[in-house]
Structures are given as C-alpha cells and as structure tokens.
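Colleague: Dropping the structure in here first, questions after.
The values are calculated or read from the model by the stated rules, or taken from the named source; none is laboratory data. Nothing here was measured: the structure is a model prediction, and the numbers come from that model. Because the Cβ atoms are built from the backbone with ideal geometry, glycine has one as well, and the counts that use them run over all protein chains shown. The protein model used for the area step is the full one, side chains on, heavy atoms only, and it has no ligands, DNA or RNA in it. Shrake-Rupley method; radii C 1.70, N 1.55, O 1.52, S 1.80 Å.
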Amino acid sequence: ARPEALHFTSLLLHSVSAGILLMAVHRLTGNVWLSFFSVAIFALHPLRTESVAWIAERKDVLSGCCFAFGLLAYTNYVTKPTTRRYGWVIGCVVLGLMAKPMLVTLPFVFLLLDFWPLRRMGDNGSAVRAKIWPLLIEKLPLFILIIVSCAFTYWSQKQTGAMSRWSADLWGRAGDIAGNYGFYLFKLVVPINRTVIYPQFHLAFPVLLLLGAGLVAATAGVFWKAFRWPWVTVGWLWFLGMLVPVIG
C-alpha cells in the first residue's frame, strides 16, 4: 500500500486547522501579528507535527480541526448570538468528541475565552461572580455532551485496561499528575526524544513535591493577577485544563 494519500490527508487536515485557527484568533484578539505568531507555534511545533507524521494518529489531527472550527463557531456566536450559530458550536463539539474524547475540555476553553479576550465576565471579581452563572447555563447542552462522552470513555478505557497504568492511591495519583504536567512542560520547551508511546517514568519524591508546589504557586499567581494580566491567566489555565484527560 502507498502511504502518500494518508500522509497528505493528515497534512491537509492540519493545514486547515491552522488556517481556521488563524481566523478564530484574529477575530478574538484583533491583532494580526500576534495571531500569526501563536498559530505558527501550533502549526510547526514538534509536539503537533508528530501527530501529522504518524498516520495512525489521524484522530488527533481530526479532533484538532474540529477544535479550530469550534473556536471560530463560538466566536461567531458571541458576536451575534442566534440559535443557528449555537447549533454550529454544538455540532463542532459533537464531531470533536466523536474524533477524540480529549475535546471534553472544549466548553471550559469557551469559558476562558469569555473571561478574555471576549470579556463577557467583566473586569472585577464581583462582575465575574454575577455573570459566570448565566454563561455556565448557556453552555449546559455542551456540558451534557461531555458528561455522556466521559461516561462512555471511562467505561471503554476501564474495559481495555488502559487505566491500570495510573497509581491507585491518592498520593500516588497526585504524583502522577505533578509528574505528567512537568513532562509536558519540559516537552513544550525541549521537544526531544519523542516516540510513539511514551514509557512510564518514576521521579523521586522531592522532585514530585517541587513540581506540585510549583504548579500550585503558578496557578495561585495567575489568579492573583487575573485582571491585570488576563492573557497569562487564560494561557496557563488553558494549558492545565486541556491536559486534564491525559494526566492520570
């Protein structure tokens, strides 16, 4: 069999994702160069391109395409809320979940965008507390979809034994979470020694403790400066949240 067509399809999907993402980020920020720079990182970073080169990881580039369309659809909906435009948002979420359950985090990304740059939550703590509940209710159909997806995914993962690689006790699970976040942060900055399946790794307790403390401190810091540096808060919580399905 000739793999050229399969590789081309993955490359095409990734290219479409980058193009749609560029449109979405530009509409969100209004800054051409900032949009181009951020999307270029997505399009060219080794952690993204490995899914394009790996034919069997089609689900990743396909879900990424749905994710990009979802961001654009949500931006269009917020610009002019209509039932039809909300239907497009639901459609993107459904297709994304069908491609890969990783996209259970997409409604929470929408909430982050509501905070910044859409600024639907206001610019102080009181405004956020007053406006967040209507925004949560607005996304109730999306939350129902992800609950159903999580239930099916949990059942299938348990049936296949995919969950047995994680620690069973509370402290062991906390160590897995801290270690995996540290792993992804390292690969983000130093994307070397990549492989099809990453082996399990075991870090010393002091290292895990340091990683956990660093994650907690960084998260507390971005909340403290949320209204002064909203882009930092959204970026950090986006990173933390999108990885929740794969950190153990």
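Colleague: Report yes if some residue within the stretch 164-173 is part of a helix (DSSP H, G or I), open to solvent by 60 Å² or more (accessible area, probe 1.4 Å) and closer than 23 Å to L237 by Cβ; otherwise report no.
Modeller: Yes, the stretch 164-173 has at least one match.
Colleague: Conditions first: (1) at pLDDT 95 or above; (2) under 19 Å from the mean Cα position of the chain (by Cα); (3) not polar (S, T, N, Q). A226 passes all but one, so which condition is the exception?
Modeller: Condition (2) is where A226 drops out.
Colleague: Test L47 against the criterion of being under 18 Å from the mean Cα position of the chain (by Cα), open to solvent by 30 Å² or more (accessible area, probe 1.4 Å), closer than 20 Å to K187 by Cβ and in contact (Cβ under 8 Å) with a residue 12 or more places away in the chain, and give yes or no.
Modeller: Answer is yes for this residue.
Colleague: Please verify whether L62 is surrounded by 20 or more Cβ atoms within 10 Å (Cβ to Cβ) and either of a type in the set (S, T, N, Q) or under 18 Å from the mean Cα position of the chain (by Cα) (or both), treating the condition exactly as stated.
Modeller: Considered against the rule, which asks whether it is surrounded by 20 or more Cβ atoms within 10 Å (Cβ to Cβ) and either of a type in the set (S, T, N, Q) or under 18 Å from the mean Cα position of the chain (by Cα) (or both), L62 comes out as yes.
Colleague: Answer yes or no as to whether Y181 is in contact (Cβ under 8 Å) with a residue 60 or more places away in the chain and assigned to a helix (DSSP H, G or I).
Modeller: Judged against the criteria, Y181 is a match.
A quick yes/no check of all residues on (1) surrounded by fewer than 20 Cβ atoms within 10 Å (Cβ to Cβ); (2) in contact (Cβ under 8 Å) with a residue 12 or more places away in the chain:
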site: H26; (1), (2): yes, no
site: I90; (1), (2): yes, yes
site: L103; (1), (2): no, yes
site: F110; (1), (2): no, yes
site: F115; (1), (2): no, yes
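Colleague: In the stretch 76-85, which residue that is assigned to a helix (DSSP H, G or I) and free of Cβ contacts under 8 Å to residues at least 12 places away in the same chain is most open to solvent (accessible area, probe 1.4 Å)?
Modeller: That would be R84.
Colleague: If L136 satisfies every condition in (1) touching a Leu at 6+ places or on another chain (Cβ under 8 Å); (2) surrounded by 16 or more Cβ atoms within 10 Å (Cβ to Cβ) but one, which is the exception?
Modeller: Of everything listed in (1) touching a Leu at 6+ places or on another chain (Cβ under 8 Å); (2) surrounded by 16 or more Cβ atoms within 10 Å (Cβ to Cβ), L136 misses just condition (2).
Colleague: Scanning for something among the β-branched types (V, I, T), within 21 Å of A43 (Cα to Cα) and modelled with pLDDT under 95, does the stretch 54-77 turn up at least one residue?
Modeller: Looking through the stretch 54-77, at least one residue is among the β-branched types (V, I, T), within 21 Å of A43 (Cα to Cα) and modelled with pLDDT under 95.
Colleague: Can you tell me which of (1) free of Cβ contacts under 8 Å to residues at least 40 places away in the same chain; (2) under 17 Å from P191 (Cβ atoms) is the one L12 doesn't meet?
Modeller: Here L12 meets the rest and fails (2).
Colleague: Checking the condition basic (K, R), open to solvent by 100 Å² or more (accessible area, probe 1.4 Å) and either part of a helix (DSSP H, G or I) or under 30 Å from N31 (Cα atoms) (or both), which residue from K187, K158 passes?
Modeller: After applying the criteria, what remains is K158.
Colleague: Could you list all residues from the stretch 190-215 that are open to solvent by 100 Å² or more (accessible area, probe 1.4 Å) and assigned to a helix (DSSP H, G or I)?
Modeller: F205, L209, L210
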